[in-house]
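Take a look at the structure below.
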Amino acid sequence: MRWFRLICLCLALSLVVGAPSASAHPEDEFCTGDGGLDPALCRALQEIDRPENAGPQSQGFTETDVIDFERPAHETFALYVKIGVQHILPGGLDHILFVLALFFSTTRLKPLLIQISAFTVAHTATLAMVASGMLSPPASIVEPLIAATIAFVAIENIVFRDMTRWRPFIVFGFGLIHGMGFAGFFGSLGLPDGQFWSALIGFNVGVEIGQLSVVLAAFILCLPIRRLISDRSYRHALVWPASGLIGATGLYWTIERLVTG
C-alpha cells in the first residue's frame, strides 16, 4: 500500500513539473473554436507567444505547437453580428448621431424609412468594396468627411421643415462615406481564413441592428412628447435643440479631425 501511495505521489509531482508555463497573454486561453475571439486575432497572439518573439516566459512553445482555430461559418457570422452591434452600441457615437439626425429630420414614418434604406444600401456597398480591397481611402480623409455629414444633416433639419426631395440622394452619398468608416474598423479586426463573406455579412447585419436600435429608442423616448404637443411645437422644443447640438458636435469633430489628421 505504501508503494502505491509513493507511485501516485511521484506521478502527481511529474504532472506539476511537466505542466506548460502560463501564456503571457491570458486571451490565449480563450482561443478555441467557441471561445469568442476571432481566429486571426488568436493566431497573432500565438505568434507573439512564440519563444523567438516573447522571451524566456514562453520557452517550450515551438513551431510545431499548432492550435486548431477553425470555426464554422455560422459561428463566424454570429460573432461578427455581435461585433457589428457593439461597433454602433456603444462604440460608434458619430454613427449614432448621424442616425439621430435622420430621425429628427421628419415626423413621418415613410420619409424616415426612405432615408434609412438609402443609407443602408450605400454603406453596405462601400463596406464590401473597401473590405475586399477594391477601394482604399485614407482614414485622414474619411473621418473628417463622416463628421461633416453629421453636421450637414443636422443643420438641414433646422433649415427645412420636412425631408426635401434631394435628401435621399444626399443621405445615399453620405452612406457611401460612412461605409468607408465601417470598413476601416472591419479591416482592423483580423479576419478568419476562407470566411470573409460570412464575417462581412454578419458585421453588416450587426451594424444595421445597432442603427435600428437607435431609431427605435429615439422613437420610444420621443413618442410621449409628440402626443402631447403639436408638430410645430415639437420642432421648436425638441428637433431644433437636438439638431443644433448634433450639428455643433459634427462641426467640432470635423475641425478636430482635420487638424489632428
Seminar exercise, completed: residue 91 fails exactly one of (1) surrounded by fewer than 19 Cβ atoms within 10 Å (Cβ to Cβ); (2) more than 17 Å from the chain's Cα centre (by Cα), namely (2)
Seminar exercise, completed: Inside the stretch 218-242, the number of residues satisfying the requirement of being assigned to a loop (DSSP other than H, G, I, E, B) and of a type in the set (A, V, I, L, M, F, W, C) is 1
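Please find, within the stretch 138-157, the residue that is nearest to the chain's Cα centre (by Cα) out of those that are touching a residue at least 12 places away in the same chain (Cβ under 8 Å) and surrounded by fewer than 16 Cβ atoms within 10 Å (Cβ to Cβ). It would help to see each step written out before you state the result.
Residues of the stretch 138-157 that are touching a residue at least 12 places away in the same chain (Cβ under 8 Å), as a first pass: 139-140, 142-157.
With surrounded by fewer than 16 Cβ atoms within 10 Å (Cβ to Cβ) added as a condition, the list becomes 139-140.
Working: 139: 16, 140: 19 Å.
Applying the filter and picking the extreme gives 139.
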Exercise. Given (1) over 14 Å from the mean Cα position of the chain (by Cα); (2) surrounded by fewer than 17 Cβ atoms within 10 Å (Cβ to Cβ), where does residue 100 come up short, assuming only one miss?
Worked result: (2)
Problem set entry | Every residue from the stretch 210-249 that is touching a residue at least 24 places away in the same chain (Cβ under 8 Å) and more than 19 Å from residue 97 (Cβ to Cβ) | 226, 231, 234
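Bear in mind that the values in this text are calculations on the coordinates, not laboratory data. Every value quoted in this text rests on a predicted model; they were computed, and no experiment measured them. Ideal geometry is used to build each Cβ from the backbone, glycine not excepted, and the neighbour counts take in all protein chains shown.
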